[in-house]
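Novice: This is the structure I have questions about; it appears just below.
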Amino acid sequence: MTDRAPEGEQALLAEPMRSRWSPSIFDDTHVITTEQVRLLLLAAQWAPSCGNAQPAAFVVAVRGSASHQVLVRHLSRGNSGWVPRASVVLVIGAQVAPDENGEGGYKPFHAEYDTGQAAAHLSLQARAMGLHAHQFAGFDKAAVAEELGVPAHYKLMAGIAVGVPGNPADVAERDRDREHRPRRRRPLAAVAHGARWGLPWDGLDE
């Protein structure tokens with residue numbers, strides 16, 4: 001499978017945002033290296049963080065590993081066909097309270113926001129490395145947290161499947177169909193407010 005072309009004004013963006021998309025068909029023979037995973041984690045580590053609180057943490061679930069097997073058991077039906085094929089899944093959590101020693105968790109209001117930034121940086125780093133990332137929320141977070149020993153002061157937020165696109169013939173029809181769905185975004189006039197909320201920013205008229 002070739003990479004998907006940018007759609008609409010995505011073509012105006014710089015790389016790696018220009019070519020970023022979320023494939024649902026991964027090559028289940030692709031092997032990601034330890035150094036590649038480390039670079040993905042470094043990108044997340046250096047994401048902006050309120051007060052340098054750094055609430056994001058990860059479970060690295062390389063395909064076939066013990067943590068990967070736990071995750072696969074608890075995927076939603078819709079994700080069970082495509083997620084296991086990815087080379088690695090990074091399960092990301094946010095520290096929302098101090099740990100047992102009173103450390104960390106001192107910016108709980110911003111923890112989920114900052115964790116989202118870490119995930120975004122990781123996904124863009126993946127694209128810059130010739131990989132693709134597909135973030136997903138459909139798994140039993142409580143069950144995964146319990147089996148993997150995630151402490152209570154962390155809240156699991158999502159999984160980030162990373163790998164390279166695979167052969168559509170290797171997957172079920174519903175996963176093939178997902179790959180061709182149009183990628184749409186809300187118009188900027190609906191999200192960029194100007195003089196007051198509800199009035200589009202006048203720069204959109206230019």
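Novice: Could you list all residues from segment 126-145 that are surrounded by fewer than 22 Cβ atoms within 10 Å (Cβ to Cβ) and in a helix (DSSP H, G or I)?
Specialist: Selection gives 127, 128, 141, 142, 143, 145.
Novice: With the requirement that a residue be in contact (Cβ under 8 Å) with a residue 12 or more places away in the chain, loosely packed, with under 13 Cβ neighbours inside 10 Å and either in contact with a Leu (Cβ under 9 Å, 6 or more places away or on another chain) or part of a loop (DSSP other than H, G, I, E, B) (or both), what does segment 3-16 give you?
Specialist: Within segment 3-16, 7, 15 qualify.
Novice: Would you say residue 23 is modelled with pLDDT under 95 and in contact with a strand residue (DSSP E or B) (Cβ under 7 Å, 6 or more places away or on another chain)? Walk me through how you get there before you give the answer.
Specialist: Working: modelled with pLDDT under 95: yes; in contact with a strand residue (DSSP E or B) (Cβ under 7 Å, 6 or more places away or on another chain): yes.
So residue 23 fits the description; yes.
Novice: Only residues that are touching a residue at least 60 places away in the same chain (Cβ under 8 Å) and surrounded by fewer than 17 Cβ atoms within 10 Å (Cβ to Cβ): list them for segment 43-52, please. Give the derivation first.
Specialist: Pass one, segment 43-52, residues touching a residue at least 60 places away in the same chain (Cβ under 8 Å): 43-50.
Result: 45, 46, 48, 50.
Novice: Would you check if there is a residue in segment 84-103 being part of a helix (DSSP H, G or I), within 27 Å of residue 176 (Cβ to Cβ), in contact with a helix residue (DSSP H, G or I) (Cβ under 7 Å, 6 or more places away or on another chain) and not hydrophobic (A, V, I, L, M, F, W, C)?
Specialist: Going residue by residue through segment 84-103, those that are part of a helix (DSSP H, G or I) are 84-85.
Those still in the list that are within 27 Å of residue 176 (Cβ to Cβ) too: 84-85.
Still in the list and also in contact with a helix residue (DSSP H, G or I) (Cβ under 7 Å, 6 or more places away or on another chain): 84.
From the residues that got through so far, the ones that are not hydrophobic (A, V, I, L, M, F, W, C) too are 84.
The answer is yes; a qualifying residue exists.
Novice: Considering every residue within segment 24-33, establish whether at least one is more than 17 Å from the chain's Cα centre (by Cα), part of a helix (DSSP H, G or I) and of a type in the set (S, T, N, Q). First the steps, then the outcome.
Specialist: So the first thing to find is which residues in segment 24-33 are more than 17 Å from the chain's Cα centre (by Cα), and the list is 27-31, 33.
If we keep only those that are part of a helix (DSSP H, G or I) as well, we get none.
No, that holds for no residue.
Novice: Right, another one. Just checking, how many residues over segment 41-92 are under 15 Å from the mean Cα position of the chain (by Cα), farther than 17 Å from residue 171 by Cα and of a type in the set (S, T, N, Q)?
Specialist: 1
The values are calculated or read from the model by the stated rules, or taken from the named source; none is laboratory data. Remember, it's a predicted structure, so these values are computed and weren't measured experimentally. Neighbour counts run over all protein chains shown; Cβ positions are idealised from the backbone, glycine included.
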